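Report on one structure; see the data block that follows.
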Amino acid sequence: MMRLKERLSEKIKAERPKVTKLTKELGKTVIDHVTIEQCIGGARDVRCLVTDISYLDPQEGIRFRGKTIDETFAALPKVPGSEYPYVEGFWYFLMTGEVPSVEETLDVVRDFKDRSKVPPYVFDVLRSMPKDSHPMTMLSTAVLSMQKESVFANRYATGMNKLEYWDPMYEDSCNLMAKLPEIAAFIYRYKYKNGKTISSNNDLDLGANFAHMMGIAKPYDDVARMYFILHSDHESGNVSAHATHLVASTLSDAYYSFSAGMNGLAGPLHGLANQEVLRWIQAVLNKMGGKPPTQEELKKFLWDTLNSGQVIPGYGHAVLRKTDPRYTAQMQFCQKHLPNDPIFSLVNMIYKVAPGVLTEHGKTKNPWPNVDAQSGVIQWHYGLVEYDFYTVLFGVGMALGVLTNITWDRALGYALERPKSVTIQMLEKWAQEGGRKEA
Ligand code: HAX
């Protein structure tokens with residue numbers, strides 16, 4: 001057994017008694033209550049999901065396995081000659097909560113290479129789709145088409161003890177994670193580069209191989225590593241993580257579950273916001289005849305968007321109440337690598353102006369930028385101007401978190417998800433009575 005799987009197995013054995021105790025002995029402890037506003041308003045803030053992979057504090061932002069973004073980047077083994085860590089080492093870290101050594105990281109690098117061959121029929125499926133299909137539709141379809149490869153589904157069909165569920169879920173998760181970069185790069189080259197795809201290079205780590213298959217030169221390998229790690233996980237409540245977890249809770253395998261998660265990520269209030277940001281910026285530049293707007297002009301564009309009943313993409317968040325540290329991490333990259341990029345300057349100007357406009361508008365609880373406000377500018381700078389593709393990049397990163405989560409879901413025996421619905425009439429009655437009385 002490879003080192004990561006062995007360590008994961010030990011960790012699972014240590015965590016299981018904690019969960020058993022929490023449910024069997026302490027299960028009736030009340031940790032939250034639910035208001036009508038939360039019931040109608042998308043369950044905001046209701047504490048009813050569990051994950052140890054990451055935690056999102058409204059003020060501080062994301063911590064992966066207890067570490068901030070800076071701490072994570074500093075702690076993990078770096079690819080020689082690169083600024084950013086191996087994605088494979090980050091996978092080990094997310095899976096176990098432990099920073100891997102170089103040897104442990106390289107073990108995952110090798111393991112992913114062994115698992116990376118994409119079945120040829122996946123490319124046939126993609127080629128058979130209309131060329132103007134959205135890249136997210138292609139990603140979701142490609143993943144779903146591989147469902148027959150599921151180790152979990154095959155082992156379940158032959159009869160499997162519950163305690164073993166995590167093992168084939170881990171196998172599926174690794175198999176899928178190792179293949180996603182090539183699938184994503186294929187979609188990009190097939191759709192936007194006249195079908196001229198570039199074969200995988202097995203000498204490279206995941207980030208560098210992705211850059212190679214995309215056909216984009218250095219430092220795009222580091223962009224890929226940074227981007228995938230930053231977009232990996234944002235605890236369990238965001239739509240794509242939750243959708244993946246929800247579908248997996250029926251004991252659907254990783255292919256069904258991740259494909260479902262990607263369909264959620266493809267919504268403009270979620271992952272698609274990164275393409276919307278670039279679309280918005282390009283619309284502003286078009287209206288300006290290519291020249292950058294002044295702050296006053298920009299203010300007017302923002303108000304025009306709000307007054308026409310649309311959202312400012314890349315701003316606001318369901319949990320965060322400050323600038324997303326994933327935005328800041330990417331801004332620091334831009335300051336170092338593309339300080340004079342005109343779109344970066346415009347993104348900075350939006351950062352100066354938009355929070356004031358949104359505050360004056362008075363609706364959003366969080367006028368600050370999220371991860372999507374900054375991510376497209378980096379891609380655009382390195383020649384990836386087909387912004388419809390940006391959410392696919394988000395999806396490959398997201399896989400790191402959600403696949404780790406569903407492996408642990410099965411390890412700890414998390415239940416089939418099934419919240420209870422109520423009717424509007426019931427809500428009206430309970431409101432009149434000052435709250436629902438326990439039966
Ligand atoms: N522009 C305009 N209005 C906004 C807004 C924005 N950027 N953000 C929030 N609002 C509005 C909401 O639409 C809502 O209006 P109504 O009362 O008319 O429904 C009101 O402010 C209150 O919303 P909120 O409580 O502050 O925010 P929500 O938790 O409801 O929604 C969203 C969070 C991220 C969906 C929201 O801020 C938004 O639509 N932002 C723009 C789209 C975007 O950037 N999405 C990506 C978020 C990060 C992410 O998931 N990445 O994948």
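The values are calculated or read from the model by the stated rules, or taken from the named source; none is laboratory data. Small disclaimer: the values here were computed from a predicted structure and weren't measured. Positions of Cβ are backbone-derived with ideal geometry, glycine not excepted, and every protein chain shown enters the neighbour counts.
If the Cβ limit is 6 Å and pairs must be 6+ apart or interchain, which residue in the range 274-292 that is free of Cβ contacts under 8 Å to residues at least 60 places away in the same chain pairs with which residue that is more than 16 Å from the ligand (Cβ to nearest atom)?
Once the first residue is free of Cβ contacts under 8 Å to residues at least 60 places away in the same chain and sits in the range 274-292, its partners that are more than 16 Å from the ligand (Cβ to nearest atom) give Pro292/Leu346.
One residue is enough: does the range 244-257 have a residue meeting the conditions within 14 Å of the chain's Cα centre (by Cα) and within 11 Å of the ligand (Cβ to nearest atom)?
No, the range 244-257 has no match at all.
Among the candidates Ala217, Ala208, single out the residue that is aliphatic (A, V, I, L, M), exposed (fewer than 15 other Cβ atoms within 10 Å of the Cβ) and farther than 19 Å from Tyr256 by Cβ.
Values: Ala208 fails: exposed (fewer than 15 other Cβ atoms within 10 Å of the Cβ).
Going through Ala217, Ala208 in turn, just one is aliphatic (A, V, I, L, M), exposed (fewer than 15 other Cβ atoms within 10 Å of the Cβ) and farther than 19 Å from Tyr256 by Cβ: Ala217.
How many of the residues making up the range 176-199 are assigned to a helix (DSSP H, G or I) and among the β-branched types (Val, Ile, Thr)? Walk me through how you get there before you give the answer.
Restricting attention to the range 176-199, the residues satisfying the condition of being assigned to a helix (DSSP H, G or I) are 176-192.
After this cut, where a residue has to be among the β-branched types (Val, Ile, Thr) as well, the list is 183, 187.
Final tally of qualifying residues: 2.
Given the criteria without any contact (Cβ under 8 Å) to a residue 60 or more places away in the chain and farther than 24 Å from Tyr86 by Cα, does Ser199 qualify? Give the derivation first.
Values: without any contact (Cβ under 8 Å) to a residue 60 or more places away in the chain: yes; farther than 24 Å from Tyr86 by Cα: no.
In short, no.
Within the bounds of the range 369-383, is there any residue that is touching a residue at least 12 places away in the same chain (Cβ under 8 Å), farther than 30 Å from Ala260 by Cβ and out of contact with any Leu (no Cβ under 9 Å at 6 or more places or on another chain)?
Yes: the range 369-383 contains one or more residues that are touching a residue at least 12 places away in the same chain (Cβ under 8 Å), farther than 30 Å from Ala260 by Cβ and out of contact with any Leu (no Cβ under 9 Å at 6 or more places or on another chain).
Tell me the helices (runs of 4 or more DSSP H) entirely within the range 200-314 that contain at least 1 residues that are at pLDDT 95 or above, within 27 Å of Ile69 (Cβ to Cβ) and not β-branched (Val, Ile, Thr). Give the derivation first.
Working: elements: 206-214, 220-230, 239-248, 254-265, 273-287, 295-307.
Answer list for the range 200-314: 206-214, 220-230, 239-248, 254-265, 273-287.
Of (1) away from the ligand (no atom under 16 Å from the Cβ); (2) of a type outside the set (A, V, I, L, M); (3) crowded, with 18+ Cβ neighbours inside 10 Å; (4) at positive phi, Gly316 satisfies all except one. Which?
Of everything listed in (1) away from the ligand (no atom under 16 Å from the Cβ); (2) of a type outside the set (A, V, I, L, M); (3) crowded, with 18+ Cβ neighbours inside 10 Å; (4) at positive phi, Gly316 misses just condition (1).
When you go through (1) closer than 30 Å to Lys191 by Cβ; (2) under 21 Å from the mean Cα position of the chain (by Cα) one by one for Arg63, which number turns out not to apply?
That leaves (1) as the condition not met.
Only one of (1) of a type in the set (Asp, Glu); (2) assigned to a loop (DSSP other than H, G, I, E, B); (3) within 16 Å of the ligand (Cβ to nearest atom) fails for Asp52. Which number is that?
The number of the failed condition is (3).
So the check is Cβ under 6 Å with 6+ separation or different chains; which pairs have a first residue in the range 58-70 that's assigned to a helix (DSSP H, G or I) and a second one that's among the small types (Gly, Ala, Ser) and crowded, with 18+ Cβ neighbours inside 10 Å?
Every condition considered, the pairs that remain are Ile69/Ala329.
Of (1) closer than 23 Å to Cys174 by Cα; (2) at pLDDT 95 or above, Met1 satisfies all except one. Which?
The one condition Met1 does not meet is (2).
Within the range 294-304, is even one residue more than 16 Å from the ligand (Cβ to nearest atom), surrounded by fewer than 18 Cβ atoms within 10 Å (Cβ to Cβ), among the charged types (D, E, K, R) and over 19 Å from Ser375 (Cα atoms)?
Keep residues of the range 294-304 that are more than 16 Å from the ligand (Cβ to nearest atom), which gives 294-297.
Subsequent filtering for residues that are surrounded by fewer than 18 Cβ atoms within 10 Å (Cβ to Cβ) retains 294-297.
From what is left, the residues that are among the charged types (D, E, K, R) are 296-297.
Next cut, over 19 Å from Ser375 (Cα atoms) only: 296-297.
Checked against the condition, which is being more than 16 Å from the ligand (Cβ to nearest atom), surrounded by fewer than 18 Cβ atoms within 10 Å (Cβ to Cβ), among the charged types (D, E, K, R) and over 19 Å from Ser375 (Cα atoms), the range 294-304 yields at least one hit.
When both residues are 6+ apart or on different chains and their Cβ atoms are under 7 Å apart, which pairs have a first residue that lies in the range 124-138 and is crowded, with 16+ Cβ neighbours inside 10 Å, and a second that is of a type in the set (D, E, K, R)?
Pairs that qualify, where the first residue is crowded, with 16+ Cβ neighbours inside 10 Å and the partner is of a type in the set (D, E, K, R), are His134/Asp388; Pro135/Lys191; Pro135/Asp388.
Could you grab the pairs with beta carbons closer than 6 Å, sequence gap of 6+ or different chains, first residue in the range 216-244 and among the aliphatic types (A, V, I, L, M), second one within 12 Å of the ligand (Cβ to nearest atom)?
Within 6 Å, the pairs are Leu230/Arg326; Val239/Gly264; Val239/His270; Ala243/Gly261; Ala243/Gly264.
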